[in-house]
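Notes follow the structure.
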Amino acid sequence: MGDTTATFEWAFRWLGARRPPPSAARLVHGDFRMGNLIVDGSELAAVLDWELVHIGEVYEDLAWFCVRAWRFGAPASRGAGGLGSVESFLSAYEEASGTMVDRKWFNWWLILATLRWGIICRYQAHRHLSGQVRSVELATIGRRVCETEWDLLELLDPGNAVRDIATTGSGQADRHRTALYGRPTAPELVAAVAEFLETDVRQATSGRVNFHARVAANALRMVERELLAAEDRAARTALARLGFTDEAELAAAIRGGDLDQRAADVTSCLRTLVKHRLAVVHPGYEESDDNG
C-alpha cells in the first residue's frame with residue numbers, strides 16, 4: 001500500500017518546521033482516550049491499558065484525547081473525547097495540575113497525534129495485506145486513512161473549500177458494462193450482499209461475529225460506491241496543475257521540500273485528492289463536523 005501519502009508528507013514537513021521547545025517531563029499514558037477509561041457516575045474510576053506508558057511531554061496525552069477519531073461522531077464543539085470543548089478540557093487540566101498549556105503548542109501536538117493515528121491505521125491495514133493477520137476489520141481500517149488525511153488538512157489549513165466532486169457516474173462505460181454482463185450489475189450484487197449482512201446476518205448473530213458483519217457490510221458499501229464512482233478527472237487535473245502524474249510523485253516532492261513555497265497550491269490539490277477518496281469511503285465526512 002506504499003509507505004506514505006502526500007497529505008502525511010505535508011504534515012511531516014509542517015511539523016518539522018514548527019517543532020515547539022520541550023515542555024516539562026511528565027508520566028505519559030500513551031493511549032489516553034475514552035476507550036481506555038472506566039467511569040463510575042461522574043467520577044473517573046480507572047485508566048486501562050498502560051503498556052505504552054513512558055516519560056514524555058505534558059501535551060502528549062492531552063492532544064491524543066482530542067483526536068477527532070476518539071469523538072466517535074461528536075461535533076468539534078465536543079472535541080475533547082466527545083465530552084466537552086477542548087478549551088474547557090485544557091482549562092480544567094491547568095486548574096488541576098497547576099501547569100499552563102500553551103494553546104499554540106497544543107495545536108502542534110494535536111496535529112502530531114492526528115498524524116500518528118493515520119499511521120497506525122496504515123500499519124493495521126498492512127498487517128492484513130501482508131498476511132500477518134487476515135481481518136476484514138484491519139482491511140477496512142486501511143481505507144479510512146482518508147478520514148485522518150482530511151482531519152490533518154483541516155487542522156493545517158481550516159476552511160479551504162474545494163468544489164464538490166461527483167460521487168457517481170453514468171457514462172458510456174457504465175452502460176457498456178450493463179449491456180455486457182446484464183443485471184444485476186456488479187454494484188447491485190455488492191449491494192445485495194451488504195444488505196444480507198446488515199439484516200439477516202446481524203439479526204442472527206451477536207458479539208464479535210455481529211460486529212465483523214457490520215464492518216464487512218461497510219466495506220462492501222465502499223466497494224459499491226467505488227464501482228459507481230465517476231472518473232478521477234478532478235484528482236488527475238489537480239495533480240497536473242502541480243506538474244505530477246500521480247500522488248507518489250507529489251509525495252516525493254513534498255518530502256524533498258520542493259513545494260515548500262507553494263503551500264496554497266499544494267493544500268488545494270491535497271484537499272481534492274482526499275475528498276475524492278472520502279466520496280467512496282465515507283461520503284459527507286468533510287461536511288459532518290462543526291467549527292465549535
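Any read-out appearing in this document is the output of simple, stated calculations on the displayed coordinates, not a laboratory observation. Please read these numbers as outputs of a predicted model, since none were measured by experiment. Neighbour counts run over all protein chains shown; Cβ positions are idealised from the backbone, glycine included.
Just a few scattered comments:
- Counting every other Cβ atom within 10 Å of each residue's Cβ, 137, 188, 287, 224 order from fewest to most as 287, 188, 137, 224.
- The range 189-230: proportion of alpha-carbon pairs further apart than 12 angstrom, %: 54 percent
- Its residue count N fixes a reference of 2.2 N^0.38 Å for the range 9-92, and the Cα radius of gyration divided by that reference is 1.20.
- Size of charge dipole - the chain - debye, nearest 20, with Cβ of Lys, Arg +1 and Asp, Glu -1, no other charges: 680 debye
- Cα centre as origin, Lys/Arg/Asp/Glu Cβ charges: the range 6-166 dipole, Debye: 600 debye
- Start at zero, step by 10 Å, and the Cα-Cα distances of the chain spread as 6, 22, 32, 25, 12, 3, 1, 0 percent across the bins.
- Positive-end extreme of charge dipole, the chain - chosen from 205, 90, 244 (charges on Cβ): 244
- Extension gain from residue 130 to residue 202, taking 0.36 nm per residue of separation minus the Cα-Cα distance: 23.1 nm
- Between helix 6-17 and the chain: long-axis angle, C-alpha atoms, 0 to 90°, nearest 10: 20 degrees
- Axis angle, to the nearest 10 degrees, between helix 207-228 and the longest C-alpha principal axis of the chain: 60 degrees.
- Extreme residue, positive dipole direction of the chain, given options 111, 264, 58 (C-beta unit charges): 264
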